[in-house]
Amino acid sequence: MLASAGLLLFVFQLSFVLSASPLQKIICVHKSNSSDVLIRHNCTLMAKDLSSGAQEVSDDTVLLLLNKNETLESIIQFMNVSGLTLSGNETNIFCNQQFVKYGLRFINVSNLKISGLSIINCGALHQKTRLSYDYNTTYNISAAIFINKCTNLQIHNVIISNSTGTGLTLFDCNGKVEIFHSCFSNNTPGFLGPSNDSQVQYSGGGIYYELTLHCNIQEDNCNVHSGIYSSNGSFIVHDCSFTFNSVAVNANVFDKSFFPSGGLIVFLSGFAHNNTVNIENSNFISNTGVYGGGLFIVCRESSTNNSIRVNNVTLFDNNASLGGGGLDIGFKFRKPAVNEFNSIIVQSCNISSNRAYFGGGAVFFVTSASQVDPSNTIEFRDTVWKENKATYGSAIYLEPIFNKSPANTIFPVPHFVNCNFTNNYITFNRTGSSSSGAGISSIGTGAMNSKAISFTLSGLITFSKNNGTAVYLIDSNFIASKDALIIFSNNTGTYGGALSINGFASIYASSNTSFMFLNNKASVKGGAIYFYSTDIISSLLIGASCFVEHITGARETITFYFRNNTDSFGMSMYVSSLLPCNTLCQSSKVYLTYIPPERLLTGECVGNFIFADHNGTVQGNVATETSEFDQLHEVGVKKIVPGKGFTIPFVTRDELGHQSMEPLFGILTTNNDSLYLTNTYTALNRFRMRGQPNDTGHLEIGTLYFRNLTVGIDITMSACPPGFINKNNTCVCSADYDSDHYYGIVRCDNREFVASLSSLFWVGYIGNESEDTLFTGLCPQGYCNYNLTFHVLPSVPSFSELDSLICGGSNRTGILCGDCMENNSVYYNSPGYKCGNNELCSYGPLFYILTSIIPLTLMFTIIVMLGVNFNSGIWNGFVFFSQIVGYFTATFSSISYVSSSERALHIISALIYGLFSLHFFNNDSLSFCLFKNANFFAIMGIEIFSLIFAFLLVITLVSVMKSNYFYRLQTTCCKRPFFKPTTLTKALTTFLILCYSQTTQICFKIMEIGFLTNKGSSIISPLRVQQMGSQAYFTGVHIPFAIAAIIGILTIVIVTPLCLIAYPVFYKVLPQRNKVTATLFRKVEMLKPIFDAFQGCFEDKYRFFAGLYFLYRVIFVSVFSLISVPLASLSIAQVVLMIMLAIHLKFEPYKNKLHNNIDSCLFLLMGIINTLALARFVQSDTYSQDKTMIVLGYIQLFLVYLPIFIIICLLIGLARKKLCRKLPQMRDSAELKMLSDSYNSESCRDSNTVSTNYIDIETVSSLDTADGSKLRKELEDLEDSL
């Protein structure tokens, strides 16, 4: 399209040349000197190239370039001519250079026309002396075309690209300067060459246009207003394209030239006045600069009455390393210069996808202040800002460029009419990259960001889907003109989703103004509006500004509508204070009265506030700055953990009664050098201090805002939380220090200051609460809470909290949880000595008789009367199984029950197997309170009493059954004695087998030592009774129980297995009898019936196995009584079971092979049950209640019940077999009785008389075998006679 336009232009120019006046000179530049070219183009002169043709230029000259390509190898200069036309037919002028060398230069040329050219890779160095108020500056400018002090320029259809400098530079070109249908592309600074590279150059960008001073104002003859080059001119850019121009040497670094903009630069400087700049219908795309990546326009120094119009321009994808990614415009001057009556209008422009550090789309700036209105104006009409990115002011940034503004400063007020701001994003760095855009609440603020420059909005203004707050104001006013409709929708920010007003600033509303806030969101405060005023420092009721102020005459017609706006507190608005708004409602009053916020914002004196959320209430939608401290509870001395954050015992509340979370500051006064405050400021009412225990101080807490509210609390530093130690005035985790480690502490949460303790351990304070009085120890099994793998300890040193956490779930308290809580007692028949309430303690003796005395009496009566012998091979293994298998069940191994049915089956198994260890109802569900305040020692005493009662009961029953009275009593009731009296030896051996496990457990529990360790895992004294930690070892009440336990261990627990193992070895060690050993052998022989009672079922060479069975009991009881770690006790038991099984499979000690097989099966069965217990323990440790655990539980129960099922089946079979054998005998006995009646009863009686004397029968009876299988001869004869 451009090529065809160039062709038409060339034809037009050719006809113009042919019709030119004879005075006009036409120089044709062509490689040939053909007469055809001369005649065709009406050439006055011919030249082979541009350089030679330029030598012939004079006034009214047309330099016609007929070659397709021209190569420049020098600077072509045109100077002091008038009426110069440089025209080509799409001619390419290429500069043959690697550095800045060649280009075109026009100086003092009037009526200059350039058209139909493409200038490529050019850029020559030009010197320019710039005049200013204070000094003159000479500097270098590199440009492809340099035009200075020329008048009336027309540049049409020109392409300037790849220049090593600025594409086109225009200095002091007055009159009518027109540039249209032209392209400026990829022009960027170049290198000056090795010899000149150190020189400073002003270069880069598409076009540089400046009007400057024409003389030095310090000279007497300088009339600054007489300059023809800086007044009454016009600069027009129409239908042009600026693409990929840059002022950066390298686009990836920030090494910039001294020119600000990559696209078009316009400076109206000096005393430029009455000039017009029109930039219209042009595109600025992908240009890069320092300021104004696409377009930079400034009225500076004393320029006046200039008019600048930017109309229908597209600024897209431009980038500025600092400000104004698309557009940078402003007024720059300093005293004594006066810059006034200049006008800038940006209309119908599309500013999109531009990037900068501030002002991603556009920047408006002022570099000086005036106390007199300079009447400079800036206006944006019908302009769209879309998808621009910056850290501050992603769409537009407004700011005066100086540090301090004088009082009563007057700045130009930008005016926005019918503008749209959509999807402008805050970014985190200067490159303008952003992860997404909408929804980012970032460090930057504002799609529109204004500092100290107020602005007005008219017509329809829309802010939509901008992040980082739509409008962010600092010390500037948001002025809504009459009939304006301003819509904020779907904007996000940190403080104020739609509008953030800060400092000396307010919303100024005119009549019939409407504000709509829809779906805006703030991550902290002010979903729609955030208003933070520093003005209230003067007075809350007078002198301060309301967040909404009225322009004269406006009140009832101002409307604010809010819907679905929210912040972190669910509010639509945050306002420093609503009190200054009282003046709007009571402006005529001298003495103001307080108006509640609900009436203030709904009474229309401030504005008509309509809230669609929270039932339309002001309280539900509005929050203010903190107005008071509200004390939460009675404030005494605050205990603070060193290094741990703490919350002050106050909350801050705003004017509407909301709890506010405003920033606070703290000031600490103390006499302790080690005590100090680590954070002076806080936003969550939390502070952190460091120090040593018992350090004291006073903390004064105040608000940061201008109400200056303060409150104070006294501080005392406490000890570190349990598990922590004080290092360098702060609490740290002891688990990280081997030398100061507490045993059982496994890890810490250093943020929450809580330590984790293994659930197998007890922890607590003994004495005062300090890290030196904190102790840990293995907790007795069942005493501590085992619901979790780890206990998370309290974050403050507290005896009561620790006690409740570790022991409370078991109704226990004290050291090692050894005592019951108040109104609780240790229950009888509880395997874990549980503590329960005292409600039914009055029935305790009755329950004891029913559950212990009566069962013991019945059981041993049956054993003695029936002569039951548990020393036989068939019973030995089963009794051992019954006494040991309970240790593998849920009760003893701390495994939780999965279901109620499993619990019930476990209780039944405990009832059955408990008979063989004299634990008749040994289950927590069946335990009871024996008497009030019963403790561990009381229960031990009762259990010892039960064993003594059982022992005396056995002796009594044996004595009774051997008496004549009992025999006569039997014969009176029956024809022959029904009960076979047993020997005392057999009865006592049976008693010993049944009570041995319980006796061993009682002794071990009484003698078990509880170890407490302090910091550094060192064991402290005195040692403790493990099952009653409050009792020091071998002191007080523990002494008699310990003596009894020692006696039991020495006389029963140790002696029994030792003698049974040593007896068979005795004869092998001392085989020869002599005078010395004869007496010893004789005395040992007297004990042979007792040893035979235990060892008779074993082969002679393996009789010591009777002692091994007791030794096995000792091992298992000690493992489960003395080891409080279930996993360890179960694991050790598993090893012992496997060794036992291997020994019995190896030696097969019983005489009867069946008995060997029975015991081997029972040992294997116990091993499987224990393996399942281990698996269930690991499963329960993960708090899993899945099907695997349920299945394992029921398999374990099945195996536990299996021996009982087998015995029941065998007993039924034996009974059936015996019944079948007895029935024929009973029929034969009946027939014999009928026959015997026919004989003389007396003779029959004499012939069959048997001695009825009980002692005689005992004397003549044969000795029973070890297993009790042989009957007395008299009873056998009696049975045979029947």
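Could you tell me whether region 825-962 comes out rounded, prolate or oblate from its Cα gyration tensor? Rule is a ≥ b ≥ c as square roots of the eigenvalues, rounded for a/c under 1.5, then prolate if a/b exceeds b/c, otherwise oblate. Verdict is oblate for region 825-962. The figure for Leu125 is an accessible area of roughly 50 square angstrom, using a 1.4 Å probe on the protein chains alone. Of the residues Ser348, Ser510, Ser1021, ranked by 1.4 Å probe accessible area with the largest first, the sequence reads Ser1021, Ser348, Ser510.
The string of couplings for region 1170-1175 from the Karplus curve (6.51, -1.76, 1.60, θ = phi - 60°) is 5, 4, 5, 5, 4, 4 Hz, one whole number per residue in order, with x for Gly and Pro.
FRET efficiency for the pair Leu1199 and Leu1145, taken as 1/(1 + (r/R0)^6) with r the Cβ-Cβ distance and R0 = 25 Å, rounds to 0.85. The charge dipole of region 35-95, taken about its Cα centre with unit charges on the Cβ atoms of Lys, Arg (+1), Asp and Glu (-1) only, comes to about 120 debye. Pair-distance distribution of region 466-523: all C-alpha pairs, bin width 10 Å, starting at 0; shares per bin in whole percent are 26, 48, 25, 1. Assuming charge only on the beta carbon of Lys and Arg (+1) and of Asp and Glu (-1), the dipole of region 56-149 about its Cα centre is about 260 debye to the nearest 20.
With both labels modelled 7 Å from their Cα along Cα-to-Cβ, the Ser770 to Leu915 distance reads 6.1 nm. Extension gain for Lys68 to Lys1218 (0.36 nm times residue separation, less C-alpha to C-alpha distance): 400.6 nm. If R0 equals 22 Å, the separation of the Cβ atoms of Thr789 and Val1191 corresponds to a calculated FRET efficiency of about 0.45.
Report the residues of region 501-520 in range of a label on Arg563: point 7 Å along Cα→C-beta, backbone N strictly under 18 Å from it. Counting backbone N atoms under 18 Å from the label point, the list is 514-520. For Tyr208, the amide hydrogen comes within under 5 Å of the amide hydrogens of Leu168, Thr169, Leu170, Ile265, counting only partners 5 or more places away or on other chains and with H modelled in the peptide plane.
Normalised per residue, the accessible area of region 683-840 is 40 Å², obtained with a 1.4 Å probe and no contribution from ligands, DNA or RNA. Which distance in Å, rounded to a whole number, links the C-alpha centroids of region 927-947 and region 486-502? Result: 75 Å between the Cα centres. Residue farthest toward the positive end of the dipole of region 738-885, with Cβ of Lys/Arg at +1 and Asp/Glu at -1: which of Gly832, His741, Phe775? So the residue we want is Gly832. Using a/c under 1.5 as the rounded threshold, could you call region 1119-1179 rounded, prolate or oblate? The axes a ≥ b ≥ c are square roots of the C-alpha gyration tensor eigenvalues, and prolate needs a/b larger than b/c, oblate otherwise. Cα axes put region 1119-1179 in the prolate bin.
When +1 charges are put on Lys and Arg Cβ atoms and -1 charges on Asp and Glu Cβ atoms, the dipole computed for region 597-727 relative to its Cα centre reaches about 700 debye. Classification of region 1148-1221 by its C-alpha gyration tensor yields an oblate form. The axis ratio a/c (a ≥ b ≥ c) is 1.5 or more, and b/c is at least a/b. Stretching the chain fully between Asp36 and Ser959 yields a gain of 316.2 nm (0.36 nm per residue, less the alpha carbon separation). Given a 1.4 Å probe and the protein chains as shown, Ser1124 ends up with an accessible area of around 10 Å². Enter the Cα centre distance for the pair region 796-811 and region 1119-1179, rounded to the nearest angstrom. So the two Cα centres are separated by 38 Å. Across region 640-666, the residues whose backbone nitrogen lies under 14 Å from the label position 7 Å along the beta-carbon direction of Gln631 are 649-651.
Among the listed pairs Lys1146/Lys1218; Lys1153/Lys1218; Lys128/Lys451; Lys727/Lys1005, those whose Cα-Cα separation exceeds 29 Å are Lys1146/Lys1218; Lys128/Lys451; Lys727/Lys1005.
Within the assembled protein chains, the solvent-accessible surface assigned to Thr314 is about 50 Å², based on a 1.4 Å probe.
The values are calculated or read from the model by the stated rules, or taken from the named source; none is laboratory data. Here the structure is a predicted model, which means the values were calculated and not measured. Note: ideal-geometry Cβ built from the backbone for every residue, glycine included; neighbour counts use all protein chains shown. Accessible surface is based on the protein model in full, side chains and every heavy atom, while ligands, DNA and RNA are left aside. Shrake-Rupley method; radii C 1.70, N 1.55, O 1.52, S 1.80 Å.
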